[in-house]
Amino acid sequence: MRQIVVDQRWASTFCRWLEEHIGEPGHFDPNETRTIAHLLTHEDGTFEILCVVGLNRWTTHTVEASIASDGTKRWCSRDFIFTVYDYAFRHADKSRINFTVRPDNFDAIRMHEKLGHRLELRCEDANGEGQDALLYGLTRRRWREGRWAAPSVNRSPTTKEVSQREQASPEPREPTHG
């Protein structure tokens, strides 16, 4: 069963997972990073993390997002993508989301372009000398006009935000690695 988790009681687990998969220790502070995760829950109660998006570096109008997946495409669902954008644009009332990508990360570049993110600029030496970064962005206006502005028609109760059921939620268990 798939589940989208926005419950911030899990933030430290998801921030650690982001750091392990992106390789930036200390970059994701659970107190400053809003996490949204896509999980695959097994019948025995264990789960696999398919993807985590960390929203941090908040300004009045923008937020920076970092995306890490388990390396498969299982995480990319309409409901998960909608939940991330809906949180940033509607709940947090931001007008823009920014994503930083290494120029040699061709899979990430393809993903950003498929999701409608626009390449805004190339930042020379942003990740150290000789290590540039690409800045992709998505505005609230482009999101509303795009294909990800609504959840799937068949959105099941298992993908509803867990924070709506915080009182009934069991304590998080460590994910399985699969």
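The values are calculated or read from the model by the stated rules, or taken from the named source; none is laboratory data. From a predicted model like this one, the values you see are computed outputs, not experimental measurements. In this analysis, Cβ positions are derived from the backbone assuming ideal geometry, glycine residues included, and neighbour counts consider all displayed protein chains.
Brief remarks on what is shown
- Residues that are closer than 19 Å to S152 by Cβ, of a type in the set (A, V, I, L, M, F, W, C) and without any contact (Cβ under 8 Å) to a residue 40 or more places away in the chain within the range 56-87 comprise W75, C76, listed in sequence order.
- Flag if F106 is of a type in the set (F, W, Y) and either under 15 Å from V5 (Cα atoms) or in contact with a strand residue (DSSP E or B) (Cβ under 6 Å, 6 or more places away or on another chain) (or both): no
- Residue within the range 1-9 that is assigned to a strand (DSSP E or B) and farther than 21 Å from P151 by Cβ present: no
- Among the residues of the range 40-49, not a single one is surrounded by 14 or more Cβ atoms within 10 Å (Cβ to Cβ), touching a residue at least 12 places away in the same chain (Cβ under 8 Å) and either farther than 27 Å from S152 by Cβ or small (G, A, S) (or both).
- Tally of residues being outside any loop (DSSP other than H, G, I, E, B) and closer than 30 Å to Q3 by Cβ across the range 109-140: 11
- Out of S77, S95, S69, sole residue that is at pLDDT 95 or above and either touching a Phe, Trp or Tyr at 6+ places or on another chain (Cβ under 8 Å) or small (G, A, S) (or both): S95
- Any hit, the range 78-91, residues being within 23 Å of I4 (Cβ to Cβ), hydroxyl-bearing (S, T, Y) and in contact with a strand residue (DSSP E or B) (Cβ under 7 Å, 6 or more places away or on another chain): yes
- Here the condition is being surrounded by fewer than 19 Cβ atoms within 10 Å (Cβ to Cβ), closer than 25 Å to P30 by Cβ and of a type in the set (D, E, K, R); of R110, R122, R102, it holds for R102 alone.
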